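**Q** This is the structure I want to talk about, given as structure tokens.
The values are calculated or read from the model by the stated rules, or taken from the named source; none is laboratory data. Please read all numbers here as calculations on a predicted model, not as lab measurements. Using ideal geometry, Cβ is built from the backbone for each residue, glycine included, and neighbour counts are taken over all protein chains shown.
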Amino acid sequence: MISREEVEHIARLARLRFEDGEYERLAQELSKILDYVQTLGELDLTGLEPTAHAVALKNVFRADEPRPCLPREQAVANGPAVERGQFVVPRIG
Amino acid sequence: MSTPSDESAAGAVPNDWEAVIGLEIHVQLHTKTKMFCGCPTSFGEAPNTQVCPICLGHPGTLPVTNERAVEYATRIALALDCRVTAHTIFHRKNYFYPDLPKGYQISQYDLPLGVGGHLNVELENGAIHRVGITRVHMEEDAGKLVHAGGASGRIEGADHSLVDFNRGGTPLVEIVSEPDIRTPDQARSFLTQLKNLLEHLDVSDVNMEEGSLRCDANVSVRRPGEPLGTKTELKNMNSFRFLQRGLEAEIERQMGALESGRAVEQATVHFDPSSGRVSTLRSKEEAHDYRYFPEPDLVPIQLDEAYVAAVRASLPELPAARKERFMAEYGLPAYDAGVLGSNRALGDYFEQVAGAAGDAKLAANWVMGDFSAYLNATGVEVEAAAVGPAALSDLLILLREGTLSSKMAKDVFQDMIETGKPASVVVRERGLGQISDTLALEELVKRLVLANPGPAEEFRGGREKVLGFFVGQVMKETRGQANPQLVNELLRRHLLG
């Protein structure tokens, strides 16, 4: 069972804020999801290597050859605020 | 564990305390393109001109690993005697910061490329201090923040920040040392020798000012024999001197806190070179909750034995081996061989001069002396020096053959630096050149002996000092260009003969 504190912690890491009542609901929903994933634990995986990937591929590389970049106007086009070709972000800290 | 012999040096750790230091070094690889996309990695371009949807973290884009970056990282791992992990994968390191467009950095976690290596560090007193290398892993660099509106360009006092993603996605290798370092001096030696090693490997520009080599330090203090103290993380010291001074200041601060009964708080610490002081940046609370998970957009990397063997075979001669060879092949003393062997460009230059001039010891003296002094004074790189190895060896040949005295050769060298002209041209234009022509000097000597019968008689009577008078006369007539040894010889022969 996921605790309210754990939800608050995860929310803080994800920079999310919820109404007070929502934490209890989220704790229950997250617990349900984890319980569901837990059904995987019923499988007998003896002798199977852990895998990080569903596709049986490895060593997919790219040659170290430059490719064209975006024009700067396009690169910063989605920035909510732009100054001298750079993204403006609020003061940090 | 060895301790430095000079405990009286400023900032040395006192005997009743022990510092425990581990370093984390970030090396920007000098590949042509970024780690996971084809954007160039060139330094100093206009902001946000070296970017594409992949390194800007746009949705729906997919990273593809740069093959050359993996090769360079493998070189580093092997040069540090690490075991190369046969099956290695990337992880996502999740955190929010404005210089990180995706909200995560692609890095490596529990399966880093290399583990369990070491670097043998030669200390000032010549002793070898072995520092363990915990891991060598691949990751991508973040963008660059410029803090605007404040007076200092630093975070404090800034109104807002500007983000340039040109650097974002540049291939990085992180090297993590074991906490085997005990003094700021050792830390500096370690970093210097690691830099030399990386230079020889030809994988990075290793320029601390430009940020292609960056160093963080984990440091704690304790009474000898006690368990480890609480450590702090000293961030981004961008020169060898700042690393040393930053560590000295932080060790001082921690000892001070403990001695006055306060605790050392786990924190990130910033060193301000202008004041020489350290300040705590932020608490490390939550900082380690990066929620790593395997990067689903990248497939695993499997480096088989043949690949690792091929990279190993391609490794160039490394500083320790080069030093040995310089001693054996050229008969250089250990100190000279160490200096020339540790600096790749200077070592190459030396070998060319030694080969062409046919006198390794003379070549070593000049490369480490006048030539290095010129580099240091002007900040010019070896490759861009006004006097190339062929030009210097031509000068050394004139010196060795006796056409030039040491003093003259130094003057000619200065002229060569300023004008870029070959030694022979400078010598001709300035009417220099030591007169080693026996016949020409003999005429002069004969004439002077005949013209000064009095002093000549005194010399024959046993007054050795009078020889100096004649040498002076010869030098005067030849404007100082006569070969002194030859003049002495001729004078004795004619005065006594």
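**Q** Taking into account only those residues within the stretch A:26-79 that are polar (S, T, N, Q) and within 21 Å of residue B:300 (Cα to Cα), which is modelled with the lowest pLDDT?
**A** Ranking the candidates gives A:51 first.
**Q** Residues to consider are B:107, B:152; find the one that is polar (S, T, N, Q), at pLDDT below 95 and closer than 30 Å to residue B:49 by Cβ.
**A** Going through B:107, B:152 in turn, the sole match is B:152.
**Q** If residue A:25 satisfies all but one of (1) surrounded by 11 or more Cβ atoms within 10 Å (Cβ to Cβ); (2) away from every other protein chain (no Cβ under 14 Å); (3) of a type outside the set (Ser, Thr, Tyr); (4) part of a loop (DSSP other than H, G, I, E, B), what's the number of the condition it fails?
**A** (4)
**Q** Among the listed residues A:73, A:49, identify the single one that is over 21 Å from the mean Cα position of the chain (by Cα), part of a helix (DSSP H, G or I) and either within 14 Å of another protein chain (Cβ to nearest Cβ) or without any contact (Cβ under 8 Å) to a residue 24 or more places away in the chain (or both).
**A** That would be A:73, the only listed residue that is over 21 Å from the mean Cα position of the chain (by Cα), part of a helix (DSSP H, G or I) and either within 14 Å of another protein chain (Cβ to nearest Cβ) or without any contact (Cβ under 8 Å) to a residue 24 or more places away in the chain (or both).
**Q** Of the conditions (1) under 17 Å from residue B:257 (Cα atoms); (2) of a type in the set (Val, Ile, Thr); (3) buried (at least 18 other Cβ atoms within 10 Å of the Cβ), residue B:230 fails just one. Which one is it?
**A** Unmet for residue B:230, out of (1) under 17 Å from residue B:257 (Cα atoms); (2) of a type in the set (Val, Ile, Thr); (3) buried (at least 18 other Cβ atoms within 10 Å of the Cβ): (3).
**Q** Would you kindly identify the helices (runs of 4 or more DSSP H) lying entirely within the stretch B:447-497 that contain at least 3 residues that are modelled with pLDDT under 90 and surrounded by 14 or more Cβ atoms within 10 Å (Cβ to Cβ)?
**A** B:466-477, B:484-496
**Q** Looking only at the stretch B:289-309, decide whether some residue is of a type in the set (A, V, I, L, M), more than 14 Å from chain A (Cβ to nearest Cβ), without any contact (Cβ under 8 Å) to a residue 12 or more places away in the chain and not in a loop (DSSP other than H, G, I, E, B).
**A** Taking every residue of the stretch B:289-309 in turn, at least one turns out to be of a type in the set (A, V, I, L, M), more than 14 Å from chain A (Cβ to nearest Cβ), without any contact (Cβ under 8 Å) to a residue 12 or more places away in the chain and not in a loop (DSSP other than H, G, I, E, B).
**Q** Residue check, residue B:176 against (1) in contact with an Asp or Glu (Cβ under 6 Å, 6 or more places away or on another chain); (2) more than 14 Å from chain A (Cβ to nearest Cβ); (3) of a type outside the set (Ser, Thr, Tyr); (4) buried (at least 24 other Cβ atoms within 10 Å of the Cβ), all met but one. Which one?
**A** The one condition residue B:176 does not meet is (4).
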